Amino acid sequence: MATPVYLAFLFGTRRIIHRVDLRRGGLSGVEITEAVRRQDIIRVRRDHYARPGLDQHTLEAVRVGGRLACVSAAAELGLFAFDYSHTHLHVDREASRLRSPHTRFRPLAELPRNGVQLHWWPLLESADGNEFCVGVKDALVQIIRCQEPRFALAALDLALHERRIRPRDLDSIFARVPAEKQPLRLLIDARSESGQETVLRQLILDAGLRCEIQVSIDGVGRVDLLVEGCVVVEADSQAFHKEWEQHIRDRTRDLLLAERGYLSLRVLYQHTMFEPETVIAAIRRLVDISRAGIPPR
């Protein structure tokens, strides 16, 4: 009998299971239909089933008949992605029987896509990734073509820093992007340790300020960014600053920096991404104050 426990056993770690695998597991057609009726499983697409609670992006990918792409793939693969609230999907140009992302009963063309972004460009490595998600290099190609340059740069920096791609992979990646996107390659710096840090760095450089990254300061250690040689800017992410011990370490670093004559600013992720003008104005003001006072030692 198709009990919830037995269905969980059949799925194992898989998020999507094919009808043939359910039948191989001993379920009859009637039992599969009954499991769907009881909402123990969801019929996502013909012969494709999921357990309740599957994330919306994967559901939409399977329902349409594509694979997670661009920022949706980045989120799936653990790459930097600024905004992945909408589903991005890669669909083969020759694909047929594409369905709406919200109902398997309508073809894709018959309904508005409701925020689902389709990517039709041929893949760099079609065998990479998995059945429901493109691979790392293709996700990066799509991000470069689709997203704002600073966010694409953040994805590239972090992918290199975390060794998800190698420097020589940049040749094949940038061979798939248009000419106007090529200058982005010259800005890549794999020393950046977070996407936020990259975005901050580029905001500062675009503002015409000199910016060094991962600078070692005697008695303090490495800092994220040093602006104009006098203002330390740290990318403060909530994910890494939840414990009280980390707050103590941060405040201690601030004290040590002040003792050495550096002004410092901790910038939250939200401010970096949504209030860049305010961040740059604050950094400029600190640079002006530092230049008017005693230089760092």
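Before moving on, here are some points about what is shown:
- Any hit, region 216-224, residues being in contact with a strand residue (DSSP E or B) (Cβ under 6 Å, 6 or more places away or on another chain) and crowded, with 18+ Cβ neighbours inside 10 Å: yes
- Against the numbered list (1) surrounded by 16 or more Cβ atoms within 10 Å (Cβ to Cβ); (2) of a type outside the set (Lys, Arg); (3) more than 21 Å from Leu205 (Cβ to Cβ), Ile283 comes up short only at (3).
- Close pairs from region 156-167: first closer than 18 Å to Leu186 by Cβ, partner among the hydroxyl-bearing types (Ser, Thr, Tyr), Cβ under 8 Å, at least 6 apart: Asp157/Ser192; Asp157/Thr198; Leu158/Ser192; Leu158/Ser194; Leu158/Thr198; His161/Ser192
- Helices (runs of 4 or more DSSP H) lying entirely in region 241-297 (those with 2 or more residues that are assigned by TED's automatic domain parsing to the domain that holds Asp218 and modelled with pLDDT under 80): 244-259
- Qualifying positions in region 143-177 - surrounded by fewer than 15 Cβ atoms within 10 Å (Cβ to Cβ) and farther than 17 Å from Gln202 by Cα: Glu162, Arg163, Arg166, Pro167, Arg168, Asp171, Ser172, Ala175
- Hits in region 243-265 - residues which are surrounded by 12 or more Cβ atoms within 10 Å (Cβ to Cβ) and touching a His at 6+ places or on another chain (Cβ under 9 Å): Asp250
- Of the residues screened, Ser100 is one that is buried (at least 17 other Cβ atoms within 10 Å of the Cβ), at pLDDT below 85, over 15 Å from Ser126 (Cβ atoms) and of a type in the set (Gly, Ala, Ser).
- Any chance Ile204 is of a type in the set (Val, Ile, Thr), outside any loop (DSSP other than H, G, I, E, B) and touching a Cys at 6+ places or on another chain (Cβ under 7 Å): yes
- Qualifying residue in region 178-197 (condition: in contact with a Phe, Trp or Tyr (Cβ under 7 Å, 6 or more places away or on another chain), surrounded by fewer than 18 Cβ atoms within 10 Å (Cβ to Cβ), on the phi < 0 side of the Ramachandran plot and part of a helix (DSSP H, G or I)): yes
- From the list Arg168, Arg164, Arg210, the one residue that fits, being among the basic types (Lys, Arg) and in contact with a helix residue (DSSP H, G or I) (Cβ under 8 Å, 6 or more places away or on another chain), is Arg164.
The values are calculated or read from the model by the stated rules, or taken from the named source; none is laboratory data. Values in this document were obtained by computation on a predicted structure and should not be read as measured data. Quick reminder, even Gly has a Cβ in these numbers, built from the backbone with ideal geometry, and neighbours come from all protein chains shown.
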